[in-house]
Amino acid sequence: AGDNCFDELYKKDDQEIIVAIDGGYKPLIENNIKIDYFFGDYDSLNHKNIVCENKFEYSSIKDLSDFDLALDYLINELKINKEDSVHVYNATGGRLDHYYAILNSLKNYKEYSIYLIDKNNKIYYKNNSFKIKKSNYKYISFFSVNDETIISIKGCKYNIDNYNLKIQDNLCLSNEIIDECVVETNKSILVIESN
């Protein structure tokens, strides 16, 4: 239920499963998107007229967020593959505490391909060695989320070799991919591609 970018960024996939999380229900209905699953406590919706076969309704007094409950269900009940892409829209631009909580949630499932997407950013976690091709995003940034993170970056405007990227270190902010970025790291890192 953050800033609505769904209308502009969503691209239909024949293999997709559509999940509405509380206030995220509204832009889906406005775009005539069939919803497969709904998770929510109705704290960011002003009605309970949800059109969906698989509804998971919760009290607003609970230990997990609606996002956590939906993600847990996708991974543990639907058994999505680690290679399947999960695109999360409208998770940014609203309350910062909710955004920070979502980043924490993604960290718990960092081996999965889960992407937060908004008009200016694509945010995700990556592990070990990986490659990222040049895209429409101008900048790419890497942040450590663990102690003792060693990172090497090649194929970018600013390359580094076996650098100890500390949690509070911003050295890898605003890099640019030349053609293909090759990253090697011993720990999970947060990746942000930005315009």
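Summary table
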item	result
Nearby aspartates and glutamates by direct alpha-carbon distance to LYS126 (threshold 15 angstrom, same-chain neighbours under 8 apart not counted)	GLU83, ASP84, GLU111, GLU184, GLU193
Carbon plus sulfur fraction of accessible area for the chain, probe 1.4 Å, in percent	46
Surface accessible to a 1.4 Å probe, CYS181 within the full protein complex, Å²	0
Acute angle (nearest 10 degrees) that the helix 96-108 long axis makes with the longest principal axis of the chain, alpha-carbon atoms	70
Per-residue SASA entry for ASP13, accessible area with 1.4 Å probe, Å² rounded to 10	80
List SER141, SER174, SER60, ordered by accessible area with a 1.4 Å probe, largest first	SER60, SER174, SER141
Point-to-point label distance, ASP36-TYR137, nm (Cα→Cβ direction, 7 Å offset)	2.4
Value of [θ]222 nm, deg cm²/dmol, for the chain, DSSP H segments ≥ 4, -39500 (n - 2.57) each, nearest 500	-5000 deg cm²/dmol
Within straight-line cross-link reach of LYS122, lysines at Cα separation under 19 Å, skipping those fewer than 8 residues along the same chain	LYS11, LYS12, LYS82, LYS107, LYS110, LYS131, LYS133, LYS134, LYS138
Rounded to the nearest 20 debye, dipole of the chain from Cβ charges on Lys, Arg, Asp, Glu	520
Solvent exposure of the chain as accessible area per residue, Å², 1.4 Å probe	59
Three-way shape label, the range 90-166, alpha-carbon gyration tensor, a/c 1.5	oblate
Straight-distance crosslink candidates among aspartates and glutamates, where the alpha carbon sits under 14 Å from LYS157 and sequence neighbours closer than 8 are dropped	GLU176, ASP179, GLU180
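The values are calculated or read from the model by the stated rules, or taken from the named source; none is laboratory data. Quick caveat: nothing in here was measured; it's all calculated off a predicted structure. Reconstructed Cβ throughout: ideal geometry from the backbone, glycine too, with neighbour counts over all protein chains shown. Please note that ligands, DNA and RNA were not included when accessible areas were found on the heavy atoms of the full protein model with its side chains. Shrake-Rupley method; radii C 1.70, N 1.55, O 1.52, S 1.80 Å.
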